[in-house]
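Just below is one structure, and these are the notes that go with it.
Only the coordinates and a few stated rules stand behind these numbers; no lab work does. Computed from a predicted model, the values in this text were never measured in an experiment. Cβ placement follows ideal geometry from the backbone for every residue including glycine, while neighbour counts extend to all protein chains displayed.
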Amino acid sequence: MNSKRTFIAFLVLILFLCGCGNSDLAVSTETSVTISESSHISEAEETEIEEIDSQETHISKEEAIQAILDYSPEGVTEPGEDAEKGIEYYVSAAQNIYELPYWKALGIASLVLDIIPTVSEEEVVAFIDSGEHVGFESLFEGFFWDRYSDEETIEYAKAYAYYLTEYVLKSHSFTEFMSDNHREEWLKANGSKSEYVYDSIDELLDTGKSEYGDGCYAFYIGIDQWVCGKESWIHDASELYDLIHDSEGEFRIVVQDMKNDAPTWYENLGKNKKNISIVLYDDENRSFTDTTYNEAVIYLSGAPEAPHEYVHALVLGQGRPYIDGWISEGVAVRYSLKFMDDGLEAMDGIYEIITADDIKTYLTDNGWSHPDDTALYYTDVKEKYLDLKAKYGDEYTDRIYVAMAVGQQEIADEEALPGWCIAELAGGSERSASHFSYAATHLSYFGSAVATDLLIKEFGADKVLTFLYVTGDFNTEFGITQQEFIEKINQDGSYKDAFLYVE
């Protein structure tokens, strides 16, 4: 990789990371979405629902089917002989009466209307066993959406829902059908060769509900809302499944890490829990997050940034001034970087430099100006990279070690490379601009992560995260100026022990 192009790519990468909800940095998008607060379910509400479900009386399939047939909400016209409207009508009936996920509602509605699939049960099992469609085995709802699936895939998804529903209701009560998925049982009964995998995130995906409007699908996963359909970088249901499944798993780890670090902050957050929406959109530069005190909207332009933006969604309060954006970025990188290897491709170029047989010769051969001074800089970065590698072994990737070595070098130099600092990336025309803080004009995302890690170690995560959520003054809150703090961790060498979040 050409080294100069590496630095340009890195600047683009930094812009990808986030906009942090600053109105000056807002990116316009044609995606139109209504945030539906009523669809978000809190942890307490989920527990209450589970308790109610456990107390439900036994429901026979005959009773359930009759209730669906008798469904006649006020103001809704029955479908009559229209088969297409009929299936939609009874799917809606099954979901509204019994809170069923889409595949179960479709399966029972197909049985009610006696709509027999055009493909056989054996063909569906073979389709699953081919392993070509990640997430299909779990019957992720996206496989029923024509935006993400072709006609054949949708046909197989509907047949899968029909046969699985039919099988379960032959040997189980409707109450058991409501509460369990029975996929493994059905697959084994049909001689499937697939090794069935169904984790806690799949359980959330299975019970997720969706709404469609204005070309967008709003898909609710626990307390999160995913809005998708108008982006071009997700091509099919398998990619959408991977994005949501992996991101939701990372979100839960991030939240647990932050809860462990800052229990008081987390308790206060829970009292005023935000509704968080993740809107998939197209942008060549970056993802960003807009926040208020009770709502956050993440505009996501790439999968690697999802956990980083989720931290912003949790931490930032409404209108938080960007003067302390370095702490916001530092917290987001600290808790999310371990998931972001795929978003750090630009680190490959720096890795190539610091692992060259002779750094000065490498820089000279690749046309770098001032190779002597530059070689000294990268030699220092290499030393820090090797120290991190020796300390943590294979726990993290080379890209992550390189990124944090660069961050540590910024503290050692008390200066980021030109073009890398937070202030410049946020549109600061001069490094001395009064509306940016000292740290924001001297640190990049990675230097901010190092400094913030030490800020948390000295003052506690509760204090730092609370400071971000409410408007405050750094000097008043921490009893030290930002410049003094950066100089302090430079002089005592504590930056050498800073790293992203570790157990």
Revision key, fill the gap. With label points set 7 Å from each Cα along the Cα-to-Cβ direction at Glu152 and Ser92, the distance between them in nm comes to 3.3 nm
Check your understanding: Where does each of Trp186, Trp226, Trp326 land when they are ranked from fewest to most other beta-carbon atoms within 10 angstrom?
Key -> Trp186, Trp226, Trp326
Exercise for review: Straight distance only, please: which lysines reach the Cα of Lys488 with their own Cα at less than 21 Å, same-chain residues fewer than 8 apart left out?
Suggested key: Lys384, Lys457, Lys463, Lys496
Review point. Taking 0.36 nm per residue of separation and subtracting the Cα-Cα distance, what length does fully extending Glu211 through Asn475 add?
Key: 90.3 nm
Check your understanding: Amide H to amide H under 5 Å from Gln225: which residues, 5+ apart in sequence or cross-chain, H placed 1.01 Å off N in plane?
Key -> Ile276, Ser277, Ile278
Revision key, fill the gap. The distance between the Cα centres of the stretch 463-497 and the stretch 216-254, in whole Å, is 35 Å
Review point. From a point 7 Å beyond the Cα of Tyr392 in the direction of its Cβ, which residues of the stretch 437-468 have a backbone N at a distance under 15 Å?
Key: 446-454
Review point. Counting other C-beta atoms within 10 Å, which of Met258, Met404 has the fewest, and how do the rest follow?
Key: Met258, Met404
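For the stretch 154-275, report the % of Cα-Cα distances exceeding 20 Å. Before the final figure, lay out the partial values.
Details: 4399 of 7381 pairs.
In whole percent, the long-distance tail amounts to 60.
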Review point. Efficiency by 1/(1 + (r/R0)^6): what FRET value for Asp380 and Phe459, r their Cβ-Cβ distance, R0 = 30 Å, to the nearest 0.05?
Key: 0.60
Exercise for review: Please work out the FRET efficiency for the pair Asp129 and Ser200, using the Cβ-Cβ distance as r and a Förster radius of 22 Å; give the result to the nearest 0.05.
Suggested key: 0.35
Revision key, fill the gap. Taking a crude spin-label model, label points 7 Å out from Cα along the C-beta direction, the Ile116 to Glu484 distance in nm is 8.3 nm
Check your understanding: Taking the Cβ-Cβ separation of Glu63 and Asp180 as r and a Förster radius of 22 Å, what is the calculated FRET efficiency to the nearest 0.05?
Key -> 0.75
**Study point:** Sorted by Cβ neighbour density within 10 Å, fewest at the top, the residues Tyr212, Tyr351
**Key:** Tyr212, Tyr351
Review point. Residue separation times 0.36 nm, minus the C-alpha to C-alpha distance between Asp70 and Arg252: what's the value?
Key: 61.4 nm
Exercise for review: Step through the residues of the stretch 358-375 one at a time and calculate ³J(HN,Hα) from phi using the Karplus curve (6.51 cos²θ - 1.76 cosθ + 1.60, θ = phi - 60°), rounding each to whole Hz and writing x for Gly and Pro.
Suggested key: 9, 4, 4, 5, 4, 5, 5, 5, 9, x, 6, 7, 6, x, 5, 5, 5, 5
